[in-house]
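The values are calculated or read from the model by the stated rules, or taken from the named source; none is laboratory data. Treat the numbers as computed from the prediction; the structure is a model and nothing was measured. Neighbour counts are summed over all protein chains in view; Cβ atoms, including those assigned to glycine, are modelled from backbone coordinates with ideal geometry.
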Amino acid sequence: MSLILAATPLGNPGDASARLREAIESAGVIAAEDSRKFHRLCQDLQLTFSGRVISFFEGNEIERTPEILQMLQAGENILVVSDAGMPTISDPGFRLMRDAIAQGIDVSVIPGPSAVTMALALSGLPTDRFTFEGFSPRAAGARKKFFEVLEHEERTVIWFEAPHRLEESLVDAVSIFGTERPAVICREMTKRYEETIRGTLEELVKWSQTHEVLGEITIVLAGAAKDSAEKTASQLVERVKTYEEAGMDRKSAIATVADEYSVAKRVVFAAVVDAKSTSRISP
């Protein structure tokens with residue numbers, strides 16, 4: 001018995017590895033995110049397979065995982081494939097892999113295409129350290145909080161975005177990261193209409209407003225400048241101090257600075273409290 005997670009092409013069938021082809025032809029059971037897309041892939045690769053295909057997607061992952069584990073314990077060899085790229089990376093598979101390892105089941109991975117690393121390479125942004133954040137939240141409030149957490153992240157940041165939310169997501173990104181942060185939109189990678197758009201966040205917002213956006217979207221954002229969090233905190237404290245010296249009470253000064261820097265009042269308050277504890281601002 002063995003569990004194999006296999007990366008599939010992002011769009012171009014020519015990216016399928018020899019190991020993937022062999023695994024498809026020899027698997028007893030194939031757990032596919034979308035059986036129709038899996039059959040289409042096999043047609044494109046001119047592959048025949050004898051294994052049984054079962055659905056394994058986000059909506060049934062929790063209940064399907066115990067079933068697959070039972071099949072593995074019964075001696076089946078199971079191949080897991082997602083629609084594109086590597087299973088478990090914003091796709092089903094993590095729970096299954098975790099539980100299979102816990103049960104002592106033999107597991108392996110067939111490496112291959114990845115939207116995350118391809119976009120990173122295409123971006124021209126630093127690759128030595130990066131963080132992948134999955135899909136940004138659908139709701140505007142949650143999405144802004146998502147970006148706020150990353151405001152001072154010094155590593156290159158990568159996330160997936162739905163095409164119909166690209167403009168509003170970039171607008172929210174500008175409100176947190178500013179207009180001049182370098183970023184890249186990677187669209188339809190390895191497919192016929194592949195496109196890479198590089199520029200500042202402000203330039204990418206303008207592009208999204210003047211182009212029809214379709215297909216799979218990956219965004220790569222340059223990391224923050226080194227020690228930007230400390231520099232920003234210092235700026236907030238000094239600005240509060242300036243308003244206080246002009247006669248404004250602290251509560252009003254904090255509210256004014258929060259509005260001026262487009263940050264939450266609690267962020268300014270925390271900076272002031274921290275500065276007070278280290279004697280950088282008078283009580």
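Structure summary
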{"item": "Qualifying residues in the range 194-225 (those that are more than 19 Å from the chain's Cα centre (by Cα) and modelled with pLDDT under 95) - the one farthest from Glu161 (Cα to Cα)", "result": "Ala225"}
{"item": "Exclusive hit being of a type in the set (Phe, Trp, Tyr) and not in a strand (DSSP E or B), set Phe160, Phe146, Phe132", "result": "Phe146"}
{"item": "Selected residue (criterion: farthest from the chain's Cα centre (by Cα)) from residues of the range 235-265 that are in a loop (DSSP other than H, G, I, E, B) and surrounded by 14 or more Cβ atoms within 10 Å (Cβ to Cβ)", "result": "Met248"}
{"item": "Subset of the range 31-49 [out of contact with any helix residue (DSSP H, G or I) (no Cβ under 8 Å at 6 or more places or on another chain) and more than 23 Å from Met97 (Cα to Cα)]", "result": "Arg36, His39, Arg40, Gln43, Gln46"}
{"item": "Cβ pairs under 6 Å, 6+ apart, first in the range 177-188 and in a strand (DSSP E or B), second buried (at least 22 other Cβ atoms within 10 Å of the Cβ) and of a type outside the set (A, V, I, L, M, F, W, C)", "result": "Val184/Ser123; Cys186/Thr218"}
{"item": "Test: Ser26 is of a type in the set (Ser, Thr, Tyr) and surrounded by 15 or more Cβ atoms within 10 Å (Cβ to Cβ)", "result": "no"}
{"item": "Unmet criterion (only one of (1) touching a residue at least 60 places away in the same chain (Cβ under 8 Å); (2) surrounded by fewer than 18 Cβ atoms within 10 Å (Cβ to Cβ); (3) not in a loop (DSSP other than H, G, I, E, B)) for Ile62", "result": "(1)"}
